[in-house]
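Accompanying notes for the structure given below.
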Amino acid sequence: DGGITQSPKYLFRKEGQNVTLSCEQNLNHDAMYWYRQDPGQGLRLIYYSQIVNDFQKGDIAEGYSVSREKKESFPLTVTSAQKNPTAFYLCASTIAGAGNTGELFFGEGSRLTVL
Amino acid sequence: GNSVTQMEGPVTLSEEAFLTINCTYTATGYPSLFWYVQYPGEGLQLLLKATKADDKGSNKGFEATYRKETTSFHLEKGSVQVSDSAVYFCALSVRSTLTFGKGTMLLVSP
């Protein structure tokens, strides 16, 4: 089945540790996105990538880093510099360019809790 | 800039009641409009969409009409079920950039 797989689903981290969230898609989509979701605040864009080896900061990129070495993969690292990392993280993908309809396809999310 | 405003929740209804969740937007250019749904502990799923003025999107009994004159895309359903309990997000897309509203939680009781 085609889709987006995020792992782990739940993750606990001690303060001061970096953690990497995985996002893999087999939809052959060019563009991939990371969002952060907090209660009552909707979705906020962290980083996005329209093509391999290129990515751009979203609205709340501070304390996060990404890489896009393969089309299928867009891992997110939450660094110790992120002051309030406890949140639900969502990865999404879509077709880029002329075929884009604006619809995003989402993974099931990763819930990070900092102890 | 682009923005989406939707009514705050939670919206609490009894089964078989009529649902309206209001959504208005501000956009430069000609946006496509979407409603996404998020069930507890899951990611978002596309519920319906409309790509131009006066289009009506529909799915699973939900409907929304793209009203350019009032910059609105209100979500409606004639008879809600307990299984419709979820968070609903209105969103717009302009040039492949998606902007979300803050979400409205719907709670349906038997």
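The values are calculated or read from the model by the stated rules, or taken from the named source; none is laboratory data. The structure displayed is predicted, hence computed values, not measured ones. In this analysis, Cβ positions are derived from the backbone assuming ideal geometry, glycine residues included, and neighbour counts consider all displayed protein chains. The protein model used for the area step is the full one, side chains on, heavy atoms only, and it has no ligands, DNA or RNA in it. Shrake-Rupley method; radii C 1.70, N 1.55, O 1.52, S 1.80 Å.
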Looking only at the stretch A:7-33, count how many residues are assigned to a loop (DSSP other than H, G, I, E, B) and within 14 Å of residue A:66 (Cβ to Cβ).
1
What are the residues in the stretch B:64-110 that are farther than 16 Å from residue B:18 by Cα and in contact with a Pro (Cβ under 7 Å, 6 or more places away or on another chain), if any?
B:92, B:93, B:94
Any chance the stretch A:12-35 includes a residue that's surrounded by fewer than 16 Cβ atoms within 10 Å (Cβ to Cβ) and within 12 Å of chain B (Cβ to nearest Cβ)?
no
Taking the stated definitions as given, is residue B:65 out of contact with any helix residue (DSSP H, G or I) (no Cβ under 6 Å at 6 or more places or on another chain), β-branched (Val, Ile, Thr) and open to solvent by 40 Å² or more (accessible area, probe 1.4 Å)?
no
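Can you tell me which residue is nearest to the other protein chains (Cβ to nearest Cβ) among those in the stretch B:13-44 that are part of a strand (DSSP E or B) and exposed (fewer than 14 other Cβ atoms within 10 Å of the Cβ)?
Going through the stretch B:13-44, the residues part of a strand (DSSP E or B) turn out to be B:13-14, B:19-21, B:23-26, B:32-38, B:44.
Right, trim to exposed (fewer than 14 other Cβ atoms within 10 Å of the Cβ) and you get B:14, B:20, B:26.
Details: B:14: 25, B:20: 19, B:26: 15 Å.
Restricting to residues being part of a strand (DSSP E or B) and exposed (fewer than 14 other Cβ atoms within 10 Å of the Cβ), the top hit is B:26.
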Quick one: would you say residue B:52 is free of Cβ contacts under 8 Å to residues at least 60 places away in the same chain and either closer than 14 Å to residue B:32 by Cα or of a type outside the set (Phe, Trp, Tyr) (or both)?
yes
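Considering only residues that are hydrophobic (A, V, I, L, M, F, W, C) and assigned to a loop (DSSP other than H, G, I, E, B), look in the stretch B:52-86 and name the one that is farthest from the other protein chains (Cβ to nearest Cβ).
Quick first cut of the stretch B:52-86, residues hydrophobic (A, V, I, L, M, F, W, C) only: B:53, B:62, B:64, B:73, B:75, B:80, B:82, B:86.
Now restrict to residues that are assigned to a loop (DSSP other than H, G, I, E, B): B:53, B:73, B:80.
Values: B:53: 15, B:73: 13, B:80: 22 Å.
In this case the residue turns out to be B:80.
Is it fair to say residue B:49 is within 11 Å of chain A (Cβ to nearest Cβ), in contact with a strand residue (DSSP E or B) (Cβ under 6 Å, 6 or more places away or on another chain), of a type outside the set (A, V, I, L, M, F, W, C) and open to solvent by 70 Å² or more (accessible area, probe 1.4 Å)?
Numbers: within 11 Å of chain A (Cβ to nearest Cβ): yes; in contact with a strand residue (DSSP E or B) (Cβ under 6 Å, 6 or more places away or on another chain): yes; of a type outside the set (A, V, I, L, M, F, W, C): yes; open to solvent by 70 Å² or more (accessible area, probe 1.4 Å): yes.
Considered against the rule, which asks whether it is within 11 Å of chain A (Cβ to nearest Cβ), in contact with a strand residue (DSSP E or B) (Cβ under 6 Å, 6 or more places away or on another chain), of a type outside the set (A, V, I, L, M, F, W, C) and open to solvent by 70 Å² or more (accessible area, probe 1.4 Å), residue B:49 comes out as yes.
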